[in-house]
1. At a 10 Å Cβ-Cβ cut-off, how would you order Glu29, Glu193, fewest neighbours first?
2. Given +1 on the Cβ of Lys and Arg, -1 on the Cβ of Asp and Glu, and no further charges, what dipole in debye does region 108-236 carry about its Cα centre, rounded to the nearest 20?
3. Would you be so kind as to identify all helices of the chain, as entire DSSP H runs, whose Cα atoms reach 18 Å or more along the helix's own axis and whose mean Kyte-Doolittle hydropathy is at least -0.5?
4. Taking 0.36 nm per residue of separation and subtracting the Cα-Cα distance, what length does fully extending Leu298 through Phe238 add?
5. Which trypsin sites (Lys or Arg not before Pro) in region 184-273 pass both tests, a DSSP loop state and at most 10 other beta-carbon atoms within 10 Å?
6. As I understand it, the dipole of the chain uses +1 on the Cβ of Lys and Arg and -1 on the Cβ of Asp and Glu, about the Cα centre. Which of Tyr88, Gly100, Val35 lies farthest toward its positive end?
7. Answer with one residue from Tyr157, Ala54, Ile179: the one whose Cα lies farthest towards the positive end of the charge dipole of the chain, charges on Cβ with Lys, Arg +1 and Asp, Glu -1.
8. Please arrange Ile23, Ile214 by counting, for each residue, the other beta carbons lying within 10 Å of its beta carbon, fewest first.
Amino acid sequence: MLSFFKLIRTGNLVFIALTMFLIKYGLFEPFGVAVTLNLLGFSLLVLAVVCVAASGYVINDIFDVKADVKNKPDRTIVNSRISEKNAYRLFFILNIIGVGLGFYLSNMIGQPGFSAFFIFGSAILYLYNSQFQQTILVGNILVSVIVGLVPVGVGLYDLLPAITDQNQQTQSVIFSILIDYSIFAFLINLLREIVKDQEDIDGDYNAGYKTLPIVLGKNRTNKILFALGLLPLGFLIFYTYKYLFENTPAVIYTLLLLVGPLLFFLINIWTAEKKKEYSRLSFVLKGILFFGLISIGLLQFILL
């Protein structure tokens, strides 16, 4: 059972669910925006997203066995603690539940076309692991797009169907906030995906992958990571100056938990060489993503 929870990355799934509930009850409800889903319907949406995400983690471990034996031999699950056959079964079950719930919810809110959101997510996660993981940068970008789509997905199912002529302006402002968070999540996760490629370069090379560090080398990739890291830094500074500058607690939160760690990343990525250095920087980026997304629940205290 413990191996199962590790395989589906339970901690990451809890984070996804927490983010979605914070959007609903920490952003939508305090601001009094019109919504479509009740608690049951929204819980089904969260379950659908979590199932599709879990299936992505499972298929990732299935296709990454060869690389993981080199990169993290003590944490390899498929073929050591769970058979590949059972892992594939779990992948299909999670996909069926996730896409099926997405199809049901789409029809329930009168937007059957929205089911493409889940079909697209499921297909991209499979293609990423089976095809694009071996293509430079394409896999990194695709999986980061999926992460960035989580906030937008909440708005798609809970916000957009409730738009009327009377509330259109309010709904649009809230949806634009979700887009901002999605852009931030995409940028930070893209950095983390490339850092993980730096960390796993030996195993990825043995598996025949063509990641950025393998093609360009660690030093050049470090410089690319530094340049990319300036984008979310600039995004945060602009956002703080434009929207948060008069709110001291919000500025302190942003500086200590987002800007500070990002500066730490930029300073250290320039000279990083060892696996443990990249592992530490990956953890820093994960922390930035966490504190960035949970700040959604704090907007009510800043803007209201």
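1. Result, fewest neighbours first: Glu29, Glu193.
2. 340
3. On the way: long enough: 10-23 (20 Å, 2.04); 39-63 (36 Å, 2.07); 84-108 (36 Å, 0.72); 116-130 (20 Å, 1.37); 138-154 (25 Å, 2.29); 168-199 (46 Å, 0.52); 218-239 (32 Å, 0.83); 275-294 (29 Å, 0.67).
For the chain, where a helix must reach 18 Å along its axis and average at least -0.5, the hits are 10-23, 39-63, 84-108, 116-130, 138-154, 168-199, 218-239, 275-294.
4. 19.7 nm
5. Working: sites: Arg192, Lys196, Lys210, Lys218, Arg220, Lys223, Lys242; in loops: Lys210.
When the trypsin sites (Lys or Arg not before Pro) of region 184-273 are filtered for loop state and at most 10 Cβ neighbours within 10 Å, nothing remains.
6. Looking along the dipole axis, the top candidate is Tyr88.
7. In the chain, that residue is Ala54.
8. Ile214, Ile23
Coordinate-derived values only; no laboratory data. Remember, it's a predicted structure, so these values are computed and weren't measured experimentally. Note that each Cβ is placed from the backbone with ideal geometry, even for glycine, and that neighbours are counted across all protein chains shown.
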